[in-house]
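Novice: Once you've had a glance at the structure underneath, I'll fire off some questions.
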Amino acid sequence: MKKPELKFWQIWNLSFGFLGVQIGYSLQNSNTSSILQSLGADLSHLSYFWLAAPLAGLIVQPIVGIFSDGTWTRLGRRIPYILGGAVISSIALFLMPNCPVLLAFAPLVMGALILLFMDLSFNITMQPFRALVTDMLDDSQKTEGFVIQTFLINLGAVIGALLPLFMTWCGVSDAPVAGGVSRHIAYSYYLGGGILLLTVLVTACKVREYPPEEFARYAAPKQEQSARKGFIPLMRDIPRTMLQLGITQFFSWAALFLMWNYLKPLITASFIDPTAETVNIGAAETWTGVLNAVYPVPACIMAIFMTQLAAKWGNKSVYAFCLLCGAIGYLGLTVVEDRYLLMLPMVFIGIAWAGILAMPYAILSRAIDARNSGAYMGIFNFTITIPQICMGLVGGLIVKAVKPFVLDGRSYELLEQAEQVQVDSTTAGWMMALAAAFMLLATLSVHFIDEKQQSA
């Protein structure tokens, strides 16, 4: 039995709350490294702090998925988790800029704790949105559903990344604060937290999930023999398609993790004043946000056409093309030095980002048991978190291995600030080259994915 065909705005409302979640997530991606460095973190230690996000996702998303599969309330099956996570996420965004006040004698420790708190809440909120699309849409509309979700995610990423720049336009100072967070970053977090809560409330008020009896009628003809399973049986019965997608996911998310870690150190060298040998750190922070706002724009545009492209060429072909663009973009980051020309590689990365957000879920949603869709979407998050954990553990070691070659016998501690920034930028460039190699491997691995064809 086919599910009712939903209209465009009904599909839009399913994922509208993800817009606000992504604004918060984008603020985190663009500014966490800068905030932690301002609180005293060293470049070689950044990847360890970034472990908070994938570790939170590894633990939380499968748990939320399994529990939400069996949750039926007046608000629905997924909405209670989306709402609860949104409230906690907003609180975390309000607290992050205030680490030096909350724990004055160890602000970096407080920053790490709030980062973990923030990532846990983001994951509680995000996971049910994926399952909600799978629950509410028939197979014939699932690609469209995930493409619209991709569009909203990228729109949120643009807004979140540009909020610090918007704050400076409004007259908020971007001057560095010794041992603290710049005001334009702090105000961006406050505004982002408010928007997150409001957008999630729109989804909660507009979406009416199918009650248990109706949902069972839609699921039963396809999986009549199947009931909700525990974690161990689910792991034992993982579809082959999910395992194949996991290989592609590993390489693509490892590349993304490297970019989020090292983009700011990479570009800071372009803000060195050669006459005064000084570095405008505040401007570098703002420009990191600008570049992080660039790549979601082509992702939004790509999302508009992705449903039609996938219908003509197939999900796998579109997916592989997007990932190849990502490899080109990362390679471009290693060779382009001008801060404005850096926007061009980010365009290619944006095309890859669109494919990564939509195509794996469109392929996976047709291969999994509808009654366990939340659990499987949570388990699939392993393919996002494990590569990031791996890169978090080895990233700092790679930086330490590369740095001596960049220093060429010099003492990092004895260098002037501008020279240290140049060393860090060159080291970060090597990490982007590694990201390009990972994305190329992801492109090649798409060929080996077995895709279940769309039902009529």
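Just so it is clear, none of the values below were taken in a lab; they were calculated from the coordinates. Computed from a predicted model, the values in this text were never measured in an experiment. Every residue, glycine as well, gets a Cβ built from its backbone with ideal geometry; the counts of neighbours run over all protein chains shown.
Novice: With unit charges on the beta carbon (Lys/Arg positive, Asp/Glu negative), name the residue among Leu152, Pro100, Leu120 whose Cα is farthest towards the positive pole of the charge dipole of the stretch 58-215.
Specialist: Projecting each Cα onto the dipole axis, the largest value belongs to Pro100.
Novice: Express the C-alpha Rg of the stretch 135-210 as a ratio against the empirical globular expectation 2.2 N^0.38 Å, rounded to two decimals. Walk me through the intermediate numbers first.
Specialist: Values: Rg = 17.4 Å, N = 76, 2.2 N^0.38 = 11.4 Å.
Ratio of Cα Rg to 2.2 N^0.38 Å: 1.52.
Novice: Cα axis of helix 240-268 to longest principal axis of the chain: angle in degrees, 0 to 90, nearest 10?
Specialist: 20
Novice: Tell me the trypsin sites (Lys or Arg not before Pro) within the stretch 358-456 that lie in a loop according to DSSP and have at most 16 other beta-carbon atoms within 10 Å.
Specialist: Working: sites: Arg366, Arg371, Lys400, Arg410, Lys452; in loops: Arg366, Arg410, Lys452.
For trypsin sites (Lys or Arg not before Pro) across the stretch 358-456 that sit outside H, G, I, E and B with at most 16 neighbouring Cβ atoms in 10 Å, the list reads Arg410, Lys452.
Novice: Also, quick follow-up: May I ask you to order 73-82, 158-167, 259-268 by the average number of other C-beta atoms within 10 Å around their residues, highest value first?
Specialist: Packing proxy ranking, top to bottom: 259-268, 158-167, 73-82.
Novice: Compute the helix-to-body angle for 382-407: its Cα long axis versus the longest principal axis of the chain, expressed 0 to 90° and rounded to tens.
Specialist: Around 20 degrees separate the two axes.
Novice: Okay, moving on. From largest to smallest, what semi-axes in whole angstrom does the stretch 76-149 give when each is the square root of 5 times an eigenvalue of its alpha carbon gyration tensor? Walk me through the numbers before you get to the answer.
Specialist: Working: eigenvalues 241, 24, 12 Å².
Listed largest to smallest, the semi-axes of the stretch 76-149 are 35, 11, 8 Å.
Novice: Given the alpha-carbon gyration tensor of the stretch 247-363, what are the semi-axes of its equivalent ellipsoid in whole angstrom, ordered largest first, with each equal to the square root of 5 times an eigenvalue?
Specialist: Computed over the stretch 247-363, the values are 31, 13, 11 Å.
Novice: How big is D, in µm² s⁻¹, for the stretch 245-291 by Stokes-Einstein at 37 °C and 0.692 mPa s if Rh is the Kirkwood radius over C-alpha pairs? Before the final figure, lay out the partial values.
Specialist: On the way: Rh = 12.2 Å.
D = 268 µm²/s.
Novice: Okay, next question. Which of these values of percent of Cα pairs over 28 Å apart was calculated from the structure shown: (1) 48; (2) 72; (3) 53?
Specialist: Comparing each candidate, only (1) matches the computed number.
Novice: In what sequence, highest mean first, do 183-196, 415-428, 202-215, 106-119 appear when ranked by Cβ atoms within 10 angstrom? Spell out each step's value before the answer.
Specialist: Working: 183-196: 22.4, 415-428: 18.2, 202-215: 15.1, 106-119: 20.1.
The densest-packed peptide leads the list: 183-196, 106-119, 415-428, 202-215.
Novice: Here is a further query. Give me the one-decimal nm value for the distance between modelled label points at Gln10 and Cys390, 7 Å along each residue's Cα-to-Cβ direction.
Specialist: With each label point 7 Å from Cα toward Cβ, the separation is 4.2 nm.
Novice: Could you size up the charge dipole of the chain around its Cα centre, putting +1 on the beta carbon of Lys and Arg and -1 on that of Asp and Glu, and report it in debye to the nearest 20? Walk me through the numbers on the way to the answer.
Specialist: Values: 27 positive and 27 negative charges, 318 e Å.
Roughly 1520 debye, rounded to the nearest 20.
Novice: Continuing with the same structure: Specify, per residue and in Å³, the volume enclosed by the convex hull of the alpha carbon atoms belonging to the stretch 301-442.
Specialist: Numbers: hull volume 18.7 nm³, N = 142.
Per residue, the Cα convex hull of the stretch 301-442 comes to 131 Å³.
Novice: Would you mind estimating how fast the stretch 15-68 diffuses translationally, via Stokes-Einstein at 37 °C and 0.692 mPa s with the Kirkwood radius over Cα pairs, in µm²/s? Don't skip to the answer; put the middle values down first.
Specialist: Values: Rh = 13.0 Å.
Calculated translational D: 253 µm²/s.
Novice: Past 18 Å, Cα to Cα: identify those pairs from Lys2/Lys312; Lys142/Lys452; Lys142/Lys316, in the order given. Kindly include the intermediate steps, with their values, before the conclusion.
Specialist: Details: Lys2/Lys312 23 Å; Lys142/Lys452 13 Å; Lys142/Lys316 15 Å.
Result: Lys2/Lys312 exceed 18 Å.
Novice: Taking R0 as 51 Å, what's the FRET efficiency between Glu416 and Leu444 from their Cβ-Cβ distance, rounded to 0.05?
Specialist: Working: r = 43 Å, r/R0 = 0.85.
Once rounded, the FRET efficiency stands at 0.75.
Novice: Using the alpha-carbon atoms, what tilt in degrees (0 to 90, nearest 10) does helix 296-313 show relative to the longest principal axis of the chain?
Specialist: With both axes taken from Cα atoms, the answer is about 40 degrees.
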